[in-house]
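Chemist: Pasting in a structure now, in structure tokens, and then I'll have a few things to ask.
The values are calculated or read from the model by the stated rules, or taken from the named source; none is laboratory data. It should be emphasised that the depicted structure is a prediction, and the values quoted were computed from it without experimental measurement. Every residue, glycine among them, receives a Cβ derived from its backbone with ideal geometry; neighbour counts consider all protein chains shown.
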Amino acid sequence: MAKPDFKKVLIIVCASLLLGLTYNYFSPEALPLFGFSIKKYVSDELLRSEGSMLPEAEPRHISLKEALRLYEAHVTFIDAREEPDFQAGHIGHAINIPYDRFNKYQEILKSIPKDEPVVSYCGGSDCELSIMLGNKLASMGYNKVFIFFGGWNAWADAKYPIGK
């Protein structure tokens with residue numbers, strides 16, 4: 001009986017794993033690798049559903065790909081940066097509610113129903129204004145709040161629709 005060549009077995013296993021992960025990444029029916037998938041929160045059905053689509057109505061972080069999907073579903077994007085940054089460039093159709101001057105923008109917020117999804121974002125991963133704004137919106141009763149932590153920098157780098 002021949003002895004198995006462990007090097008060849010290891011190469012086959014690694015190649016199979018890489019091929020499977022690559023397929024899963026690009027598949028529209030991808031399986032979550034870490035037990036949690038935001039996809040169930042941003043499905044078309046849930047975007048139209050009544051009430052909260054989030055288990056505890058807490059803001060959830062989303063990826064660039066998920067942010068684009070919400071943008072394409074005409075979800076409201078809120079830029080938490082200061083007005084000069086917003087005017088220099090922002091995600092297309094976003095509204096500007098600077099976190100540092102939040103109270104001055106209450107009239108704009110009144111036009112956004114609390115049961116509709118909203119996405120908060122700011123400059124990028126080194127900016128925490130989107131997190132603070134998302135938490136503030138959730139505390140005010142908005143129950144479908146998403147935080148796009150990649151923010152403006154990731155969106156612009158991906159060459160997705162912008163406004164000026």
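Chemist: Please enumerate the residues belonging to segment 1-41 that are at pLDDT 70 or above, among the aliphatic types (A, V, I, L, M) and under 21 Å from residue 60 (Cα atoms).
Modeler: Result: no residue meets the conditions.
Chemist: Same structure again: Can you pull out the helices (runs of 4 or more DSSP H) entirely within segment 55-164 that have at least 2 residues that are in contact (Cβ under 8 Å) with a residue 60 or more places away in the chain?
Modeler: 64-72, 83-88, 129-139, 151-157
Chemist: Okay, next question. I'm trying to understand the selection: among the residues of segment 118-130, which are more than 16 Å from residue 83 (Cα to Cα) and modelled with pLDDT of 95 or more?
Modeler: Matches in segment 118-130: 118, 119.
Chemist: Since residue 105 meets every condition but one in (1) of a type in the set (Ser, Thr, Tyr); (2) farther than 19 Å from residue 158 by Cβ; (3) loosely packed, with under 13 Cβ neighbours inside 10 Å, which condition does it not meet?
Modeler: Condition (3) is where residue 105 drops out.
Chemist: Look at residue 98 and say whether it is surrounded by 17 or more Cβ atoms within 10 Å (Cβ to Cβ) and either among the basic types (Lys, Arg) or more than 13 Å from residue 148 (Cα to Cα) (or both).
Modeler: When the stated conditions are applied, residue 98 passes them.
Chemist: Filter segment 93-134 for residues that are over 12 Å from residue 76 (Cβ atoms) and of a type in the set (Gly, Ala, Ser) and give the result.
Modeler: The answer is 123, 124, 125, 130, 134.
Chemist: Does segment 144-154 contain any residue that is under 14 Å from the mean Cα position of the chain (by Cα), among the charged types (D, E, K, R) and over 14 Å from residue 86 (Cβ atoms)?
Modeler: Within segment 144-154, one or more residues are under 14 Å from the mean Cα position of the chain (by Cα), among the charged types (D, E, K, R) and over 14 Å from residue 86 (Cβ atoms).
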